[in-house]
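The values are calculated or read from the model by the stated rules, or taken from the named source; none is laboratory data. Quick caveat: nothing in here was measured; it's all calculated off a predicted structure. Don't worry about glycine lacking a Cβ; one is built from the backbone with ideal geometry, like all the others, and counts go over all protein chains shown.
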Amino acid sequence: MRVTPPDSARRTVLIVDDDPVSREVLTTVLTAHGCAVESAANGREALTALAGMTDGPQVLLADLQMEGLGGANLIAALRARTPRRTAMRTRTCIVAMSATRPRAGEAASADGFLLKPFAPRDLDALLASIPQAANAGQNPEAGAEQNTEPDTEVPVLDQEILRQFRNLMLEPSVRQTYDTALEDMGARLEEIAAAIGQSDQEKLRRIGHALKGSCGMIGARQAALLGAQLEEGAEAVTILAHLRNALENLKNRVQSEFGDCVGGDSEE
């Protein structure tokens, strides 16, 4: 999917992530920053997208934990297909992402790492650091202070994350981001129910990992915490019941925040 940026576009960015909520949030935030954004849902799609580019992206954001081509193999494949530094341009800056810290060596060939969930301000900091990182080959780590440790009272919706989205984009676009997340979360809960029926512990772990990252990205703190617990092997039937409650709580909070505002693009 390609999004046309405003005329002030500063960078071209390719997002590689199998989570649709993360892709939407990143695309929206980066486009608001004037970037030309293209996205791919898996490693193979990313390689196809790179093959179609006459000049590779300046920034490449890649999730490490995807089915199929992922992890260190993904970073190596992407690096092999992106431009090297020349006298005329810096090399493509590859930033790895994951809701779990990478294993030793997994992101070593990337230029940086973002720990999900990360806030829009963390992406701001990353964009500001990229010219230096791409030139010097440094390995900046944004979002290092982000974690899923529970507060005494875990909020349904992190108001600071919501405020940052509202500062970046119009209200209909913010609403669309949350509507997409709610739809995705509902689908994930059905996948959890199916995995419970199949006693598929690995699938439950993957779904928990995905929920931890995508819900955290939009500030859905209760749901992100439950996703982390599912990933860690908590009793799935109980977690599913709590997730259903968290989904209803989030729906109610989104409705309270946005009222009759309809999600989608808005022209002024």
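Selection of segment 97-106 for residues being crowded, with 22+ Cβ neighbours inside 10 Å and either outside the structural domain of Gln65 (by TED's automatic domain parsing) or out of contact with any Lys or Arg (no Cβ under 9 Å at 6 or more places or on another chain) (or both) yields an empty set. Of the residues making up segment 100-121, those that are assigned to a helix (DSSP H, G or I) and over 12 Å from the mean Cα position of the chain (by Cα) number 1.
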